[in-house]
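Student: Below you'll find the structure I mean.
The values are calculated or read from the model by the stated rules, or taken from the named source; none is laboratory data. Worth saying up front: this structure is predicted, and the values here are computed from it rather than measured. Note that each Cβ is placed from the backbone with ideal geometry, even for glycine, and that neighbours are counted across all protein chains shown.
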Amino acid sequence: MKIATLEINSDIELNKRYVLSEQDLVDCTRSYGNQGCKGGQVDQAYHYVLDYGLTEAKDYPYTGKDEECQSSANRPFQHLAGYYLYETCSQLADAIQKRTVAVAVDANSWQFYASGVLSECTKDLNHAAVLVGISADGVWKIRNSWGATRGEAELLKVILVVYVLNHVPYINLSTISVILQTIYLIEQLHKKLISFFNIYQ
C-alpha cells in the first residue's frame with residue numbers, strides 16, 4: 001500500500017496516473033533495512049524512492065518472491081519530494097482532505113472484519129495500508145490490499161485515538177496502531193514551503 005499512496009497522490013496532485021512496481025520495492029529496499037517479501041517499513045521504502053524513484057509495473061512486474069534488484073531499470077517516477085510524520089488528529093484530518101496517507105498497522109484481526117466500526121487497540125505494526133478519508137462523525141476509513149470482497153468494498157472503518165509512546169507520535173486506529181506518514185509530491189511540497197517560510201512570489 002506504499003505504492004497505492006504514491007499512485008493515488010500522483011493522480012490527485014499531478015493529474016498523472018502511474019501503475020508502479022511493487023517488485024521494485026520488494027527487491028531493492030533490502031539495503032534500506034526492509035525484508036523483501038517478509039515486509040518492511042514505510043519510511044524506508046519512501047527513502048529509497050527519494051533516492052532512486054520507481055519503475056512502472058509493466059517494466060518490473062510483481063513475481064510474488066524475492067528477486068535480485070534490477071538496479072539498471074528505468075525509474076520514471078521521480079516525483080517524491082519527501083514524507084511527513086503527523087503528530088495530531090487535527091493535522092491528519094487536514095491532510096486527508098488533500099491526499100491519502102500511508103499507515104503502518106496491526107492487521108492481525110482484519111481477516112475477521114466484514115463491516116461496522118473497529119474499536120480495539122493494539123500496538124504491533126505488521127502491515128501497510130492507506131488512510132483515505134474521515135466521516136462527519138469522526139470515523140476514519142482505511143483502504144486495504146486484500147481485495148474488494150474483504151470488508152466494505154476493501155474499506156475498513158475505525159475510531160481514532162491519539163497517544164504518545166516513548167516520545168514517538170503514534171495514532172491508534174482501533175485495532176490499528178499506526179505511525180502516520182505521507183508523501184509530499186513536488187508541487188504540493190513547494191506550496192507548503194512557501195507558506196511555512198512566508199515566501200512570496
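Student: Taking the condition of being closer than 17 Å to ASP11 by Cβ and surrounded by 15 or more Cβ atoms within 10 Å (Cβ to Cβ), how many residues in the stretch 91-105 meet it?
Tutor: 6
Student: For the stretch 137-156, check the following and say yes or no: at least one residue is more than 25 Å from ASP11 (Cβ to Cβ) and either at pLDDT below 75 or outside any loop (DSSP other than H, G, I, E, B) (or both).
Tutor: The answer is yes; a qualifying residue exists.
Student: When you scan the stretch 100-113, do you find a residue that is at pLDDT 75 or above and closer than 22 Å to LYS38 by Cβ, even just one?
Tutor: Yes: one or more hits.
Student: Identify, by number, the condition in (1) touching a residue at least 12 places away in the same chain (Cβ under 8 Å); (2) surrounded by fewer than 21 Cβ atoms within 10 Å (Cβ to Cβ); (3) assigned to a helix (DSSP H, G or I) that ASP11 doesn't meet.
Tutor: (1)
Student: A follow-up question, please. Restricting to the stretch 50-70, and then to whatever is small (Gly, Ala, Ser) and in contact with a helix residue (DSSP H, G or I) (Cβ under 8 Å, 6 or more places away or on another chain), can you tell me which residue is surrounded by the most Cβ atoms within 10 Å (Cβ to Cβ)?
Tutor: ALA57
Student: Can you pull out every residue in the stretch 38-49 that is surrounded by 14 or more Cβ atoms within 10 Å (Cβ to Cβ) and either not aromatic (Phe, Trp, Tyr) or not in a helix (DSSP H, G or I) (or both)?
Tutor: GLY40, GLN41, VAL42, ASP43, GLN44, ALA45, HIS47, VAL49
Student: Could you grab the pairs with beta carbons closer than 7 Å, sequence gap of 6+ or different chains, first residue in the stretch 83-112 and aromatic (Phe, Trp, Tyr), second one modelled with pLDDT of 70 or more?
Tutor: Once the first residue is aromatic (Phe, Trp, Tyr) and sits in the stretch 83-112, its partners that are modelled with pLDDT of 70 or more give TYR83/ASP43; TYR83/TYR46; TYR86/LEU92; TYR86/ALA95.
Student: Tell me, yes or no, whether the stretch 71-90 has at least one residue that is polar (S, T, N, Q) and surrounded by 15 or more Cβ atoms within 10 Å (Cβ to Cβ).
Tutor: For the stretch 71-90, residues polar (S, T, N, Q) and surrounded by 15 or more Cβ atoms within 10 Å (Cβ to Cβ): absent.
Student: Just to be sure, is CYS28 in contact with a Cys (Cβ under 6 Å, 6 or more places away or on another chain) and over 30 Å from SER135 (Cβ atoms)?
Tutor: Taking the combined requirement at face value, the residue satisfies it.
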